Structures are given as structure tokens and as C-alpha cells.
Amino acid sequence: AGLAQKGGAGFSHIRIAPAPGDIHAIRVSAGKADLVLGCDLVVSGAGKVLSAVREGHTLFLANTAEVMPGDFARSADFTLPIERLKKAILRAAGKEKSHFFDATRAASVLFGNSLGANMFLLGLAYQHGGLPVSAAAVERAIELNGQAVAMNVAAFRWGRRAAHQPDFVRSIVAQAGEAPTPRAETLDEIVARRVAFLTRYQNAAYASRYADRIAIDYVFQSLDA
């Protein structure tokens with residue numbers, strides 16, 4: 001069940017059982033969450049989320065990337081209370097059950113796309129024993145979904161690696177992040193870079209549509225000139 005405020009936070013309640021008849025309620029009630037995937041730290045530290053947590057039982061994984069809420073536009077002095085939010089999560093779930101990782105930065109560096117952050121977190125959750133399904137089932141679901149399959153599978157696997165070797169993955173992200181990407185100068189370089197990105201994002205056919213469209217537009221511009 002997906003619950004969202006207009007222009008605000010989104011909450012998804014997910015229940016997994018062997019058969020539909022085993023599920024008698026959609027929402028996860030207070031203190032009953034087995035796993036919390038906090039894709040946004042501000043939302044993760046909200047009372048609505050923390051109320052579902054039971055100390056020592058709920059596995060809590062939070063993305064530490066700083067995503068500014070709407071208050072940022074209304075207050076020049078607004079800052080994110082990162083440490084306060086982390087402490088609130090630690091108090092609710094307990095130190096042993098709380099894990100923090102900048103999944104957005106990791107996905108941006110490793111896959112060139114921050115959209116991989118959520119699947120990265122899912123990999124973390126799986127490796128920490130938070131999912132009652134197999135890794136093969138998760139990867140098969142990604143394949144059946146058919147969107148950015150290679151990236152999402154890689155993100156899931158890197159998340160598992162981050163759970164096993166967090167310092168190693170952080171070092172890889174830090175080293176890669178230090179090397180700036182060479183700036184594309186010519187039209188051919190720009191098109192080639194974007195074709196590569198679209199291929200990773202979806203597939204070669206999708207990237208080819210973009211390249212063909214650019215080529216057609218370029219031809220017509222040349223004729224007009």
C-alpha cells in the first residue's frame with residue numbers, strides 16, 4: 001500500500017506471505033515492522049515511521065544522502081538535522097539494528113544514476129537478513145520488470161557487498177568520486193556519452209531512438225543553413 005501526501009513524503013507498507021490469505025491487514029501497525037527501508041533520511045526520522053519500529057527487532061536501513069524538503073525554499077537559514085535524525089533512528093531501532101549508508105552517492109558514482117540508490121538499499125537489506133525471499137527471486141523480479149535491468153541488478157549486488165564490506169565500498173565510491181568525468185566538447189562526444197547512458201538506463205534500442213532523432217534534427221538544421 002503506497003501512502004503519500006501531495007508534494008510530500010511517500011510511505012509504502014509491504015507485507016510478504018506465502019499466500020494472499022495469510023495477509024489480514026495492509027498497513028504495518030505500531031511496533032510491527034520487521035524492516036524499514038529509509039530511502040530519504042528526513043522521512044526516515046519522522047514519527048510516523050519510527051512508530052512502526054520495535055527496538056532490537058526492526059532492521060532499519062537509512063540512506064544518508066541530504067535531500068532538501070520544501071522548507072529549504074521558505075527559510076534561508078534551514079539546515080537538515082542529520083545527526084538528530086540518526087540519533088532518533090538509533091534510539092528507536094537500537095545500534096545493532098541500525099545501518100546508515102549514502103546510497104545516492106554510491107549509485108551516482110557506481111552506475112552514473114542516483115535511481116539505483118533504492119535497489120542498493122534493498123541489497124543491503126537482503127544481506128543483513130531483512131528479506132524473506134531469495135536473492136535469485138529479487139533479481140528475477142528485476143528482470144521481469146524490464147526497466148534498467150543491468151543497473152538494478154548491479155545495484156542490488158553492490159548493496160549486498162556494502163553490507164559485507166562497507167568500508168571497502170565506501171573507499172571505491174570515494175576514489176571514483178575524486179576523478180572528474182572529462183567534459184564532452186563536440187556534438188559527437190555529447191551524443192556518444194548520452195547514448196552510453198541511455199543504453200545503461202534502459203537498452204540499446206532506446207538509446208538508438210535518441211541518436212536517430214539527433215541525427216535527423218542535425219540534417220534538417222544543416223539544410224536550413
Surrounding net charge for ARG84, when Lys and Arg each add one and Asp and Glu each subtract one, Cβ distance under 14 Å: +1
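Between ASN113 and THR186, what FRET efficiency comes out of the Förster formula 1/(1 + (r/R0)^6) with R0 = 30 Å and r the beta carbon distance, rounded to 0.05? Can you show the working numbers first?
Numbers: r = 24 Å, r/R0 = 0.79.
Step by step, r from the Cβ atoms, then E = 0.80.
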Length added when fully stretched, ALA25-LYS95, from 0.36 nm per residue minus Cα-Cα: 22.3 nm
Hz values of 3J(HN,Hα) by residue in the range 25-34 - Karplus curve (6.51, -1.76, 1.60), Gly and Pro given as x: 8, 7, 6, 8, 7, 4, x, 10, 6, 8
Under 11 Å, Cβ to Cβ, from GLN127 - net charge with Lys/Arg +1 and Asp/Glu -1: +3
Relative packing of 138-150, 35-47, which averages over residues the other C-beta atoms within 10 Å, highest first: 35-47, 138-150
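What order, most packed first, do the peptides 112-123, 10-21, 56-67, 187-198 have when packing is the mean number of other Cβ atoms within 10 Å of each residue? Walk me through the numbers on the way to the answer.
Details: 112-123: 22.0, 10-21: 10.6, 56-67: 19.5, 187-198: 13.8.
By packing density, highest mean first, the sequence is 112-123, 56-67, 187-198, 10-21.
Every read-out reported here was derived from the displayed coordinates using simple, explicitly stated rules and does not represent laboratory data. Model, not experiment: these values are computed from the prediction. Neighbour counts run over all protein chains shown; Cβ positions are idealised from the backbone, glycine included.
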